[in-house]
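K.L.:
I have a structure here, written as structure tokens, and I will follow up with some questions on it.
The values are calculated or read from the model by the stated rules, or taken from the named source; none is laboratory data. All figures in this text were calculated on a predicted structure; none of them were measured in a lab. Counting neighbours? That spans all protein chains shown, and the Cβs are built from the backbone with ideal geometry, glycine included.
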């Protein structure tokens, strides 16, 4: 029996998945959350469902509380976080998320930084974008920049989203 190809896996993957978009910011409001709005727009345009969205401060307890709550909702299959991935004193999203992950998708962060480097140069190394699995849900943590969110969603996340959900549910 031969192994299935990625194309065969994608052919059996869900076309639409439920996503929760979480913006982590000490200053964004619903009116100024351009990255969260962009993520929701790109997901919807690709045929996915936005199962919810929120804005929280860059406080680990707030970030983890939203993720835990989302894990209790059957409609949430994916979390896409934006913000808090840098290296300032207030950037704590990486550590909060890292502690929750059951599995890590290290290739996501590597590929994101490679693509980002092609756009912005060596400053890409400051990003601590990450991906993984938490309680059977796929999670991506992206920088707060709309350009970074667009790059991650269009180049990496959306093309593989159904396939990721298929694999995590096997």
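K.L.:
Take the conditions out of contact with any helix residue (DSSP H, G or I) (no Cβ under 7 Å at 6 or more places or on another chain) and surrounded by 15 or more Cβ atoms within 10 Å (Cβ to Cβ) and apply them to residue 165. Does it pass?
P.N.:
Taking the combined requirement at face value, the residue satisfies it.
K.L.:
Go through region 39-49 residue by residue and tally those that are crowded, with 17+ Cβ neighbours inside 10 Å and not in a loop (DSSP other than H, G, I, E, B).
P.N.:
Total satisfying the criteria: 4.
K.L.:
Kindly provide the set of residues from region 102-157 that are touching a strand residue (DSSP E or B) at 6+ places or on another chain (Cβ under 9 Å), more than 20 Å from residue 39 (Cβ to Cβ) and not in a strand (DSSP E or B), ordered by number.
P.N.:
Those that are touching a strand residue (DSSP E or B) at 6+ places or on another chain (Cβ under 9 Å), more than 20 Å from residue 39 (Cβ to Cβ) and not in a strand (DSSP E or B): 102, 106, 107.
K.L.:
A follow-up question, please. Please state which of the following conditions residue 88 fails to meet, knowing it meets all the rest: (1) closer than 25 Å to residue 29 by Cβ; (2) at pLDDT 95 or above; (3) in a loop (DSSP other than H, G, I, E, B).
P.N.:
Here residue 88 meets the rest and fails (2).
K.L.:
Which is touching a residue at least 24 places away in the same chain (Cβ under 8 Å), surrounded by fewer than 13 Cβ atoms within 10 Å (Cβ to Cβ) and farther than 19 Å from residue 164 by Cα, of 60, 30?
P.N.:
Criteria check complete, one pass: 30.
K.L.:
Looking only at region 72-85, count how many residues are touching a helix residue (DSSP H, G or I) at 6+ places or on another chain (Cβ under 9 Å) and modelled with pLDDT of 95 or more.
P.N.:
Here is the first cut: in region 72-85, the ones touching a helix residue (DSSP H, G or I) at 6+ places or on another chain (Cβ under 9 Å) are 76-85.
Then keep just the ones that are modelled with pLDDT of 95 or more; that gives 76-83.
Residues flagged as touching a helix residue (DSSP H, G or I) at 6+ places or on another chain (Cβ under 9 Å) and modelled with pLDDT of 95 or more within region 72-85 amount to 8.
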